[in-house]
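Input: a single structure, listed below in structure tokens.
The values are calculated or read from the model by the stated rules, or taken from the named source; none is laboratory data. Model, not experiment: these values are computed from the prediction. Cβ atoms come from the backbone with ideal geometry, glycine included; neighbour counts cover every protein chain shown.
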Amino acid sequence: MDCADIASVLPHRYPFLLVDRVVELEAGRRAVGIKNVTANEPFFLGHFPGRPVMPGVLICEAVVQLGGILACRSPDGIKPGRIAMLTALERVRFRRQVVPGDQLRSEVELLRRRGAFWKMRGTAKVEGRVVAELEFTVAEVGSGEPEPQRLDRGRCAGA
């Protein structure tokens, strides 16, 4: 998938569209995507001046966006006009820094689907080395609807 295909699936736009290309897609199973990290990314202006490092939350966001693409392009997946909304991040680990000039390779696999909820595992790599690992859940919502509520271990996941 190229930029135009990605933009037809995800509602994100620059500067928050963090998937440049999808290089592998096994509908209902897994996906691999690329984000070319350039020196002119707006977040590098303040994170950190003189020593630019891609914020960990944006590395996670890149992985989650790829998961949204997988959910949208899977059999009985998220329908056009609806989006994948992040509802949970779990087991997040950062292993290395991502800096300008790196090519961030995100890989996601579907662990399970329960109704509108898609649980996935993701890994972000640079030059074959793991920079971040995470598990996350996205839920299918209409583009104007609020995030769905669910109970997670005795408390509201949105709290």
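Please go through the range 24-50 and give me each residue that is free of Cβ contacts under 8 Å to residues at least 60 places away in the same chain and within 17 Å of L104 (Cα to Cα), ordered by number. Scanning the range 24-50 gives E24, L25, N40, E41, P42, F43, F44. Looking only at residues of the range 107-133 that are surrounded by 16 or more Cβ atoms within 10 Å (Cβ to Cβ) and aliphatic (A, V, I, L, M), we find that the one that is farthest from E61 (Cα to Cα) is A116. Against the test of being farther than 24 Å from G28 by Cα, modelled with pLDDT of 95 or more and either in a loop (DSSP other than H, G, I, E, B) or of a type outside the set (G, A, S) (or both), the options G158, G101 yield a single qualifying residue, G101. Going by the structure shown, is G28 in a strand (DSSP E or B), surrounded by 10 or more Cβ atoms within 10 Å (Cβ to Cβ) and at pLDDT 95 or above? No; evaluated as a whole, the condition is false for this residue. Of all residues in the range 31-55, those that are surrounded by fewer than 15 Cβ atoms within 10 Å (Cβ to Cβ) and in a strand (DSSP E or B) total 1.
The residue that is surrounded by the most Cβ atoms within 10 Å (Cβ to Cβ), counting only those in the range 78-106 that are over 13 Å from the mean Cα position of the chain (by Cα) and closer than 17 Å to V32 by Cβ, is V98. The set of residues in the range 62-93 that are in contact with a strand residue (DSSP E or B) (Cβ under 8 Å, 6 or more places away or on another chain), at positive phi and assigned to a loop (DSSP other than H, G, I, E, B) contains only G81. Here R96 meets the list (1) free of Cβ contacts under 8 Å to residues at least 40 places away in the same chain; (2) part of a strand (DSSP E or B); (3) basic (K, R) almost entirely, failing just condition (2). Candidates are the residues of the range 3-24 that are in a strand (DSSP E or B) and under 18 Å from V37 (Cβ atoms); the one that is farthest from the chain's Cα centre (by Cα) is V23. Right, E140: assigned to a strand (DSSP E or B) and of a type in the set (D, E) or not? The answer is yes for E140. Would you call H12 under 18 Å from I83 (Cα atoms) and either surrounded by fewer than 16 Cβ atoms within 10 Å (Cβ to Cβ) or without any contact (Cβ under 8 Å) to a residue 60 or more places away in the chain (or both)? In short, yes.
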